[in-house]
Amino acid sequence: MDVNSDSAFLRQFSIVIAGFMALTLALIFLARFVVPEPENDANPSQAVLAEQRVVPVGAVRSGDEGAAALAEAQAMAAAAAPVQEVVVDGPTVYGGLCMSCHDAGVAGAPIKGSDQMAERLAAKGLDMLVQNAINGINAMPARGGNPALTDEQIRVAVEFMLP
Ligand code: HEC
């Protein structure tokens with residue numbers, strides 16, 4: 001290799017490199033032209049989300065203004081809470097729980113609509129039966145084992161069990 005061919009190579013190689021650099025720049029400009037740079041606040045919900053992330057966990061409320069704010073917050077919380085409807089219906093309550101023992105007489109449970117229930121009713125009276133169903137008696141668990149049942153629900157279930 002002589003000096004001439006070396007410099008010829010260098011010249012051609014430089015031209016190729018320069019060509020690639022020009023192409024790179026052209027592509028960069030083309031890309032920016034096709035896809036304009038996104039603005040940071042382009043999405044309005046981003047600002048809202050950012051605000052939500054930095055709200056204080058608690059607030060001090062005082063005076064009339066505080067009471068109003070508190071009432072509003074409580075109303076909103078109440079509106080957001082799921083409404084749980086209490087079904088005061090004998091067959092529903094009985095069928096949902098009590099039947100598991102009182103249909104077949106499990107562990108000596110008086111069978112629904114039987115003479116056993118009639119005897120207990122005669123001996124204790126309805127109020128006492130309801131009280132015992134609420135508090136539990138011997139193998140009979142308090143509220144049939146579901147503490148979420150209300151006194152009213154227990155009463156209608158007991159009434160439904162009578163012959
Ligand atoms: C795990 C079984 C079981 C479940 C569930 C159950 N009971 Fe009982 N229950 C019993 C047994 C056992 C007795 C008999 C207790 C005794 O007198 O020794 C009984 C007795 C009773 C009595 C008679 C109480 C008395 O003073 O003689 C009533 C009323 C009664 N249950 C109502 C209910 C109602 C209403 C439910 C549903 C909310 C229910 N039970 C669910 C087992 C059960």
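The values are calculated or read from the model by the stated rules, or taken from the named source; none is laboratory data. Model, not experiment: these values are computed from the prediction. So basically every Cβ, Gly included, is an ideal-geometry build from the backbone, and we count neighbours across all protein chains shown.
Filtering the stretch 84-107 for residues that are without any contact (Cβ under 8 Å) to a residue 60 or more places away in the chain, more than 16 Å from the ligand (Cβ to nearest atom) and either not hydrophobic (A, V, I, L, M, F, W, C) or not in a loop (DSSP other than H, G, I, E, B) (or both) leaves a non-empty set.
Taking the stretch 108-123 as the range and being near the ligand (Cβ under 6 Å from one of its atoms) and loosely packed, with under 14 Cβ neighbours inside 10 Å as the test, only G108 passes. The set of residues from the stretch 144-163 being more than 9 Å from the ligand (Cβ to nearest atom), touching a residue at least 24 places away in the same chain (Cβ under 8 Å) and within 27 Å of the chain's Cα centre (by Cα) comprises just one member, T150.
Within the stretch 121-142, being assigned to a helix (DSSP H, G or I), in contact with a helix residue (DSSP H, G or I) (Cβ under 6 Å, 6 or more places away or on another chain) and over 16 Å from D103 (Cα atoms) holds for L129, V130, I134, N135, A142.
Inside the stretch 108-120, residues that are in a helix (DSSP H, G or I) and on the phi > 0 side of the Ramachandran plot make up a count of 1.
Please determine, by comparing only the residues of the stretch 124-143 that are charged (D, E, K, R) and within 40 Å of the chain's Cα centre (by Cα), which one is farthest from the ligand (Cβ to nearest atom).
D127
Restricting attention to the stretch 30-48, the residues that are surrounded by 10 or more Cβ atoms within 10 Å (Cβ to Cβ) and modelled with pLDDT of 75 or more total 5.
The number of residues in the stretch 56-83 that are in a helix (DSSP H, G or I), of a type in the set (D, E, K, R) and surrounded by 10 or more Cβ atoms within 10 Å (Cβ to Cβ) comes to 1.
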